[in-house]
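Below is one structure, written out as structure tokens; comments come after it.
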Amino acid sequence: MNKRSLMKCTAAFAFSLIAVTPVWAAETPPTLAGAKVIQAEEAKKLLDGGVPFYDTRVAAEYAEKTIKGAHSLVYRERSAKSADFDASQDQFDLTKLPANKAAPVVFFCNAGTCWRSYKAAAVAVKAGHTQVHWFRGGMPEWTAKGLPTQ
């Protein structure tokens, strides 16, 4: 193999590594102004008390497994995965939330780098909902605790 061929192969290999290396999304912030961040134990108490839970993941994920009694309310995101996201780029149907903006609500998704529930909670707070709970640990935390799913 001559030097030129070796350089082409090296460049192609380097490009292939870049092309298949996943882009790591940022973790969601640990807090959200105007919303209460909750863990599985408190989430279970709220669920048992009749507080509506909203699974903001895509329909296929909801259909596969969700928190028992949760409603599907997909947050369709096109905005950046950052705390200063532009909600106008996204789609989220606030009319599916209780008309009484003082009623408690809980949003969840897949935790970690899943920003859907963070964004849904932020949008609900901005729309005037005053008892917004963000279950940051979402499905991974819920299932790790062996809590009921459907």
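Counting only strands (runs of 3 or more DSSP E) that fall entirely inside the stretch 52-150 and contain at least 3 residues that are crowded, with 22+ Cβ neighbours inside 10 Å, the qualifying elements are 105-108, 132-135. For the stretch 87-102, check the following and say yes or no: at least one residue is of a type in the set (F, W, Y), free of Cβ contacts under 8 Å to residues at least 40 places away in the same chain and touching an Asp or Glu at 6+ places or on another chain (Cβ under 8 Å). For the stretch 87-102, residues of a type in the set (F, W, Y), free of Cβ contacts under 8 Å to residues at least 40 places away in the same chain and touching an Asp or Glu at 6+ places or on another chain (Cβ under 8 Å): absent. In this structure, T56 does satisfy being of a type in the set (S, T, Y) and in contact (Cβ under 8 Å) with a residue 40 or more places away in the chain.
Since every read-out is calculated from the coordinates, none of them should be taken as a lab result. In this text, all values refer to a predicted model and were calculated from it rather than measured experimentally. We place every Cβ from the backbone using ideal geometry, glycine too, and count neighbours over all the protein chains shown.
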